[in-house]
Structures are given as structure tokens and as C-alpha cells.
Amino acid sequence: MAQENKALDVALSQLKLAARKLELDAGLHKMLSHPKRSIMVSIDIRLDNGAIGVFNGVRVQHWDARGPFKGGTRYFPELTLEEVTALAMLMTWKCAIADIPFGGAKGGVCVDTKKMSQHELERLTRRYVSLIFEYLGPHRDIPAPDMYTDAQTMAWIMDTYSQLKGYSVPESVTGKPIEIGGSWGRLEATGRGVIHCVKQAAQRNNLKLKGATVAIQGFGNVGFHAAEAAQEIGCKIIAVSDSTGGIYCADGLNSEDVLTHKEKTGTVQNYKGCQNITNDELLELQCDVLIPAALENQITCKNADKIKAKMVAEAANGPTTPDADKALYEKGICLIPDILANSGGVTVSYFEWVQNLTREQWPLEKVNRKLETKMTKAFDDVLSIVEREESDMRTGALMLGVGRVANAIKTLGLWP
Ligand code: GLU
């Protein structure tokens, strides 16, 4: 696995900042700087052409002081151990900010899903799960979807785990299809949660959302559902993009139609009545709300001074680098950090786990209502630190998340 990703440096510098502000004990800071466990595996599968394919897989379990490890599984060709470690750390803070009883983990496989058949992906997923099986489980570590994995991937994870156990364990994974114990509203949860945060932030910043212009980088599950939720409250989506590029339309576009177009042609580009733009141009558009919902390191010192949005809501994990953070804050741009903005996904994952453990299925209205209550509470909790500390929202969110985890570790004590 390649090792040159900067994501871990960023995560560690964020932890350092929170530790300093919280006057955290040096030992505790050191403990939180390292994941509890990193598992690296080599996944050998039979490819459709008869050859053997060998793929690197990883699962990083950062901290579980507040509950079992929890986090997504990402399939991405350039995935690195350091990046997954950083993402696992973010999950620990995210679960603490959302105040759900989980720790943080992340996993993934270095694979380009676009070059694999469904059969190959199924074999890859099952083999991966079998290799990390003993470290998984509803009270150990519960995977969920992330980049380039979906409900079907989760179904294979659940089935493999259940087969190896000898009985059905729906609570071993979240983000599953509804028919095998998935929760209503989980698919939309991350995108919807982002917009709940945008609503809260808009209220505080006197930004009218009816007619507000929104640009979304990334049109996967999160970007699409953020667009839908934004449209529901009267926002105008003026631009969206995917890995092939973006589209811009000053009059606003219909996300449902763009999705149909993308499904037909494989790209959002060349959509009727829109101008093709690049991903970089999308980030620099004049708009009210910018939602990066794609990869890490998109807003950096190179383009931060060109960002014209009034508000940035981080639907992706780690889209803004620390120097860009500072630049945006100095420009007076309100930034809702990833660990708060995209916590709706893991929050509804928690609801799914509770439903599975109690063998219940809640109606969509109940899930959505509970999601809004949780997101609003998390936003308020972060904001009260921001006001007390006169800090930016990322610092406030980190202080809340890191502080809660540190308190849990202190209370538990060290064994032996
Ligand atoms: N992969 C998502 C995240 O980064 C969801 C994790 C989960 O639901 O466990 O927050």
C-alpha cells in the first residue's frame, strides 16, 4: 500500500489543536494519536477470466471507549493505510459529537470497482470479511457503506458474517437493504443531515435558504441526497459534478433529472441547458452554499482565496486542508466541518443497529424526526463551544468530540 497521503498529518494536527485547547493530559493525547488496532490483509480471489487477483485490504479500529468500533468500508484504488487511519480517527470524533455509543473505525480495499464485475466484487467482499471476521461483530466493529460500496456490499458482508457465525446477524453491519433489516432513511441520511446543519447555520447567519444557490461537488449517494434535501427546502442547485467534471446552470437544475442523465450516459456532463465546467471551477463558483461531497483535500491553500461561497458544508470527509480552513475563516466564510456535517449517516446507522438488536423496524417519519433532533442537538453542542471559545466550528467540533472520548477513557481507566 502506498504511504504518501497527507490525511493522517491533517487528522493528527487537528487532534493536537483540540488537545492543546482542552489542556489534555500528554498521555491521553498520545493514546488518541494511535489507533488501537490496524489489520492489513491480502485478498486473493478468482477473477472472471480465470486468473487470480490479489488486493490489499485494511481495517483500522481507532478508539472504542464510548462503544463498539463503527465506520465505513471504502473501495478505492489509491487507498492508503494512513488515509484509512485518519478516517478512522475522524469516525471516533464524529460518533462522539453525534453522541451515539460507538467508537471509530474505517476499512477498505485497494480496488477500482469500475473495472470489476458484480461477481468479482462479491467474491472480494466475502473474502475480505472472512479475513477480518474475528475483529468484526455487532459488539466489536460494525461496518457500513463508504465510497464505492453500497447496500449490496453490506448485504454480502452480513451474509458472510452470518454464514461464518452459523446464524443470521443483521446487527453486524449497517446500511443494508431494507428487506434484510436495513433502516428506512439510511440511504438518504448523510445528505439530509448535511442540510439539517445548513439550516441551523443559515438561521444563525441570517441567510435565507429559499432561493439560495447551492453548488455540490460529487454526485454520489451523499451529493445526490444533499441536493434533494436542499431542493425540498427551496434552495436552487446551480452546479453539480462527478469524477468526470461538472455542470452549471444559473437558473437551477433538477437533481432527479441529472441523476437519470448520469445513469444513462455515465457522467453528469453534457446535460441539457447546462454549461460544462471542471471540478475546480465548481468550487470557485459564486454561490450561497458550497457542498464538497467527493474526495479529501479539495479546498487547499491553492484555491481557498478563490472560494466565493458564503457557507461551506463538508459532506465529504476531509475536503478542506488546515491552511485552507484558516483562510476561509479569515474571509468570514462559515464552514460546517465534516465530523458534524456528515454525521447523519452514522447516526441513522446507529438507529439501524438499535432496530436490529430489538428486532423492530421504525417508519421513515420516525427515523427522519429522530435524525433531525440528533443533528440539531449536535449542532447546538458544537456551537456552545464555538461561542465560549470564540473559535471556528471545526475547532469547536473537535473539542467536543475529542473531549467526550478523553472523558470516557479517563472514566474507564487503564487495564491492567
Ligand atoms: N461511511 C460513513 C461515514 O464516514 C458512515 C459510517 C457508518 O454509518 O458507520 O460517516
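The values are calculated or read from the model by the stated rules, or taken from the named source; none is laboratory data. A quick note: this is a predicted structure, and the numbers were derived from the prediction, not measured. Every residue, glycine as well, gets a Cβ built from its backbone with ideal geometry; the counts of neighbours run over all protein chains shown.
Criterion applied to GLY211, GLY218 was being surrounded by fewer than 20 Cβ atoms within 10 Å (Cβ to Cβ), at positive phi and not polar (S, T, N, Q), and the one residue passing it is GLY211.
Within the stretch 92-106, at least one residue is touching a strand residue (DSSP E or B) at 6+ places or on another chain (Cβ under 6 Å), closer than 17 Å to VAL346 by Cα, in contact (Cβ under 8 Å) with a residue 24 or more places away in the chain and among the hydroxyl-bearing types (Ser, Thr, Tyr). For the stretch 177-199, a residue qualifies if it is more than 14 Å from the ligand (Cβ to nearest atom), of a type outside the set (Val, Ile, Thr) and over 16 Å from MET154 (Cβ atoms), and the qualifying residues are HIS196, LYS199.
Considering LEU24, LEU90, LEU79, the condition of being part of a helix (DSSP H, G or I), modelled with pLDDT of 95 or more and either more than 23 Å from SER130 (Cβ to Cβ) or under 19 Å from the mean Cα position of the chain (by Cα) (or both) is satisfied by LEU90 alone.
Listed conditions (1) of a type in the set (D, E, K, R); (2) surrounded by fewer than 21 Cβ atoms within 10 Å (Cβ to Cβ); (3) within 28 Å of GLY107 (Cβ to Cβ) are all met by GLU314, apart from (2). When only residues in the stretch 95-153 that are on the phi > 0 side of the Ramachandran plot and part of a loop (DSSP other than H, G, I, E, B) count, which is modelled with the highest pLDDT? Filtering the stretch 95-153 for residues that are on the phi > 0 side of the Ramachandran plot and part of a loop (DSSP other than H, G, I, E, B), the one modelled with the highest pLDDT comes out as ASP99. With the condition kept exactly as written, say whether any residue in the stretch 27-44 is under 23 Å from MET393 (Cα atoms) and of a type in the set (Lys, Arg). No, the conditions are met nowhere in the stretch 27-44. A count restricted to the stretch 262-274 and to residues that are surrounded by 13 or more Cβ atoms within 10 Å (Cβ to Cβ) and in a helix (DSSP H, G or I) stands at 1. Given the residues LEU32, LEU17, LEU8, which is the only one that is in contact with an Asp or Glu (Cβ under 6 Å, 6 or more places away or on another chain) and either among the basic types (Lys, Arg) or in contact (Cβ under 8 Å) with a residue 60 or more places away in the chain (or both)? Only one candidate qualifies: LEU8.
Residues in the stretch 321-360 that are in contact (Cβ under 8 Å) with a residue 60 or more places away in the chain and outside any helix (DSSP H, G or I) were compared, and the one that is surrounded by the fewest Cβ atoms within 10 Å (Cβ to Cβ) is CYS334. Residues considered: ALA230, ALA239. Of these, the only one that is at pLDDT 95 or above and either over 24 Å from the mean Cα position of the chain (by Cα) or assigned to a strand (DSSP E or B) (or both) is ALA239. Can you name every residue in the stretch 387-401 that is in a helix (DSSP H, G or I) and among the acidic types (Asp, Glu)? GLU387, GLU389 - these are the residues of the stretch 387-401 that are in a helix (DSSP H, G or I) and among the acidic types (Asp, Glu). Selection within the stretch 99-110: residues that are surrounded by fewer than 24 Cβ atoms within 10 Å (Cβ to Cβ) and not acidic (Asp, Glu). The member of this set that is farthest from the ligand (Cβ to nearest atom) is CYS110.
Among the conditions (1) basic (Lys, Arg); (2) in contact (Cβ under 8 Å) with a residue 40 or more places away in the chain; (3) surrounded by fewer than 20 Cβ atoms within 10 Å (Cβ to Cβ), LYS165 misses just one, which is (2). Scanning the stretch 247-261 turns up one or more residues that are outside any loop (DSSP other than H, G, I, E, B), crowded, with 23+ Cβ neighbours inside 10 Å and of a type in the set (Val, Ile, Thr). Considering LYS30, LYS16, LYS70, the condition of being of a type in the set (D, E, K, R), at pLDDT 95 or above and under 14 Å from the mean Cα position of the chain (by Cα) is satisfied by LYS70 alone. Considered as a group, the residues in the stretch 334-355 that are within 15 Å of GLY191 (Cβ to Cβ) and among the aliphatic types (A, V, I, L, M) include one that is nearest to the ligand (Cβ to nearest atom), and that residue is VAL346.
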